[in-house]
Amino acid sequence: MKIQLDTLAYTNRLRHVSPIQKLVIGIIMLCFVMVAHAPTHIAVFVWMSVWIVGYAGIPWRIYLRLLGAISLFLALSLPPIMLEITARSIAEITEQTVFIYSFGVFHVYIGVAGMKKASALLLRSLSSVSCLYFILLTVPFTEILAVLRRIGVPCMVTDLLLVMYRFVFVFLETVEQLWIAYKARGARHGFSRKMRDAGGLVARLFARTVQRYQQLSIGLAARGFDGDLRVVASSHAFVSRRYAAEAAAVFLLLVALEWWTGR
Amino acid sequence: MDWLLEIEDVCYTYPGSETPALNGLTMRVPRGKRCVLLGHNGCGKSTLFLHMNGIYAPERGVVKWKGEAFSYRRTFLSQIRQKVGLVFQDPEQQLIASTVAEDISYGLCSAGLSDDEAKRKVEQALVRFGLEHFRERPVHHLSLGQKKRVALAGVMVLEPELLLLDEPTAYLDRLHTRLLMKELERIHREEGTTIVMATHDIDLAYEWADWVFVIEDGRLALEGAPNEVFARRDVLEGLQLGVPLLFDVWEALVPSFFPETEARPRNVADLKERLARCLVD
Ligand SMILES: Nc1ncnc2c1ncn2[C@@H]1O[C@H](COP(=O)(O)OP(=O)(O)O)[C@@H](O)[C@H]1O
Ligand SMILES: [Mg+2]
């Protein structure tokens, strides 16, 4: 999934829009979501999805899959919020319930209030996730780093992040190579054998990763790396007037919507 | 001759390994020449390169740059790494930045170039290595051969005095091998760069080199101009390296078609031309 996010960030249609502009839009919307309420959340979610699928040209299947992955986590976290448990008799449950299940003296139920709380949370999460995805899918990691550098984050931190980022891909490639080699040389059947193979693979993965890490540091040394990673930013990013205008206009509409529904 | 880099009686054993990777190796790299380092897998070529830019320090013996022994201090090492450019066999090992253009530009800023100049150089390098279309692509999207070209471009754009290439053609197809050779030709002619290329492609070595080193088990087995080295058929066959195809062909032709005194052809085109002339006569 990580590889895919990164690939899309480099190839999407908003690639040449200034990273600062995209980051500003994403972050302002993220902050706005924090203070806004349910109907506005839906609007933000829809609008951000339009940016992602419409303007950036991210295939909607991929976007849906990404949302699905997050929804799974959200779904797992909802039951504790919705479910109530009580040892009192059913007659004493004062609030409206949607669902009730009893065993012995205990009653497990979902109250209407719990439902509301959970759905508000779900909406808030989804709309903030859409803002986050907008940033992740349209701004490549290196450009985020460049912006961080520009606003004064120490070079040591950003260079460290960059080397870590490179290393993540070296690691993922090692995983993939080992996995392909394992399958190409005849993966064995049967659960216990598979588990034993997996154990062996993990051990080899560790050894290979350490080795590749050493090699990468030798390679960096050979190129004269001494903690200072200066490169010429290659892209000719520009601030898009059209997107800026739309962002400002829709943002004002959203604020108005929030004010009107929040009264 | 004028020596750029000298290796004197260098020994090196990897930690945890029993046999030494370099075992009393002595060799001198002549300035301004195109050198080839021939040898089997595991004979110590890569290890030798890592000594030539001070990544590894020898256990015994000395490495000298223009007659001055390596000191292995920080300032010395950073200077030597600017003068000696090393392209690894495995490109994965030396790609730093995340897009192709950014990676090639690495080092240009530290070398004191302005941003505009750096951009121009990067652009030239992209064209020379056929990488224009990959400019903004992240490095991990490329194939192995493409990564190799990025690594080559990134080191060659810095115009080091000594360029070390560890099996540069290993992952390249014919087209890109030819582009690489053309580029090597150019920097050798225009910048006077000394080049050392490790390879086991004996035909390529014969066609291209001015000077040949043959390494076996961490020692120097033979050294000299290509004509002299490849004439030592007995030694080369003993090392299982063989002699270049062109050399063999010439040897078969010499007494009957050409006089023994005639200089050997260095590439196929040369041989063809001479054969054509010979047939016309
Ligand atoms: N990291 C290492 N650890 C232990 N032994 C190594 C390591 N790298 C290389 N060697 C050993 O050192 C010898 C020389 O290797 P190398 O210089 O890579 O050869 P070449 O590049 O000529 O193929 C080989 O026998 C190899 O097994
Ligand atoms: Mg090698």
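Before we go on, tell me the buried accessible area for the B/A pair, both chains summed, 1.4 Å probe, in Å² to the nearest 100. Before the final figure, lay out each step's value.
Details: alone 14130 and 16820 Å², together 27850 Å².
The contact between A and B buries close to 3100 Å².
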- Task: Kindly provide the pair-distance distribution of region A:41-179 built from C-alpha pairs, with 5 Å bins from 0 and whole-percent values in order of increasing distance.
- Result: 2, 8, 12, 11, 11, 13, 12, 9, 6, 6, 5, 4, 1
- Query: For region B:3-243, what number of Lys pairs, 8 or more residues apart or on separate chains, have alpha-carbon atoms under 23 Å from each other?
  - Reply: 25
- Task: With a probe of 1.4 Å, find how much accessible area the protein assembly as shown has per residue, and write the answer as a whole number in Å².
- Result: 51
- Item | Low-density loop positions, GluC sites (Glu not before Pro), region B:213-264 - DSSP coil, at most 14 other Cβ in 10 Å | B:Glu260, B:Glu262
- For region A:118-138 versus region A:42-75, the gap between their alpha-carbon centres in whole angstrom: 8
- Mind listing which trypsin sites (Lys or Arg not before Pro) in region A:1-66 are in a DSSP loop and have 14 or fewer other Cβ atoms within 10 Å? A:Arg13
- Task: For the protein assembly as shown, state what percent of all Cα-Cα pairs lands in each successive 10 Å bin, counting from 0 Å until the bin that includes the largest distance.
- Result: 3, 14, 20, 19, 16, 12, 8, 5, 3, 1, 0, 0
- Given the options A:Leu78, A:Leu126, A:Leu137, which has the most mean-square fluctuation in a GNM of chain A, springs set between C-alpha atoms less than 10 angstrom apart? A:Leu78
- Mind listing which GluC sites (Glu not before Pro) in region A:1-100 are in a DSSP loop and have 13 or fewer other Cβ atoms within 10 Å? A:Glu95
- Message: Using a 10 Å cut-off around each Cβ of peptide B:84-93, what is the average number of partner chain Cβ atoms that fall inside?
- Response: 4
- Message: If I model a spin label as a point 7 Å beyond the Cα along the Cα-Cβ vector, how far apart are those points for B:Glu159 and B:Lys64 in nm?
- Response: 2.9
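Between B:Ala225 and A:His189, take the C-beta separation as r, use R0 = 56 Å, and let me know the FRET efficiency to the nearest 0.05. Provide the component values of the computation, followed by the final result.
Details: r = 60 Å, r/R0 = 1.08.
Once rounded, the FRET efficiency stands at 0.40.
Is region B:161-281 best put as rounded, prolate or oblate by its Cα gyration tensor, with a ≥ b ≥ c the root eigenvalues, rounded for a/c under 1.5, and otherwise prolate when a/b is larger than b/c, oblate when not? Walk me through the intermediate numbers first.
Details: a/c = 2.00, a/b = 1.30, b/c = 1.54.
Oblate, because a/c is 1.5 or more while a/b does not exceed b/c.
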- Item | Long-range amide H partners of B:Glu216 with built H, under 5 Å | B:Ala221
- Query: Counting only other chains, what is the mean number of Cβ atoms within 10 angstrom of the Cβ of each residue in peptide A:210-223?
  - Reply: 6
- Classify chain B: rounded, prolate or oblate, from the alpha-carbon gyration tensor (a ≥ b ≥ c, eigenvalue square roots; a/c under 1.5 rounded; otherwise prolate if a/b is larger than b/c)? oblate
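Add -39500 (n - 2.57) for each DSSP H run of 4 or more in chain B, then divide by its residues: what number comes out at 222 nm, to the nearest 500 deg cm²/dmol? Working shown, then result.
On the way: 11 runs with 113 residues, N = 281.
Rounded to the nearest 500, it is -12000 deg cm²/dmol.
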- Query: Label B:Glu260 and A:Ser102 with points 7 Å out from Cα along Cα→Cβ: what is the distance between them in nm?
  - Reply: 11.6
- Does chain A classify as rounded, prolate or oblate by the C-alpha gyration tensor (a ≥ b ≥ c root eigenvalues; a/c under 1.5 gives rounded; else a/b over b/c gives prolate, otherwise oblate)? oblate
- Note on the structure: Taking protein heavy atoms only, a 1.4 Å probe, and rounding to whole percent, the accessible area of chain A owed to carbon and sulfur comes out at 71
- Query: Contour minus end-to-end for A:His37 and A:Arg61, with contour as 0.36 nm per residue of separation and end-to-end as the Cα-Cα distance?
  - Reply: 5.8 nm
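When Cβ neighbours within 10 Å are restricted to other protein chains, what is their mean count per residue of peptide B:99-109?
Shielding by partners across B:99-109 averages 5.
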- Item | Antiparallel bridges, percent of DSSP beta bridges restricted to chain B (to nearest 5) | 55
- Note on the structure: Among A:Pro80, A:Pro39, A:Pro19, the residue with the largest mean-square fluctuation in a Gaussian network model of chain A built from Cα contacts under 10 Å is A:Pro80
- Message: Between region A:1-35 and region B:1-56, how far is it from one alpha carbon centroid to the other, in angstrom?
- Response: 49
- Query: Residues with amide H under 5 Å of B:Met197's amide H, sequence separation 5 or more or different chain, H placed in the peptide plane at 1.01 Å from N; which?
  - Reply: B:Cys35, B:Val36, B:Leu37, B:Leu165
- Hey, can you grab everything whose amide H is under 5 Å from the amide H of B:Gly224? Only 5+ residues off in sequence or another chain; H modelled, so Pro and N-termini drop out. B:Val212
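The values are calculated or read from the model by the stated rules, or taken from the named source; none is laboratory data. Note that the coordinates shown come from a computational prediction; the quantities given were computed from them, not determined experimentally. All Cβ positions, even for glycine, are placed from backbone atoms using ideal geometry, and neighbour counts span all protein chains on display. Only protein heavy atoms, including side chains, enter the accessible area calculation; ligands, DNA and RNA are left aside. Shrake-Rupley method; radii C 1.70, N 1.55, O 1.52, S 1.80 Å.
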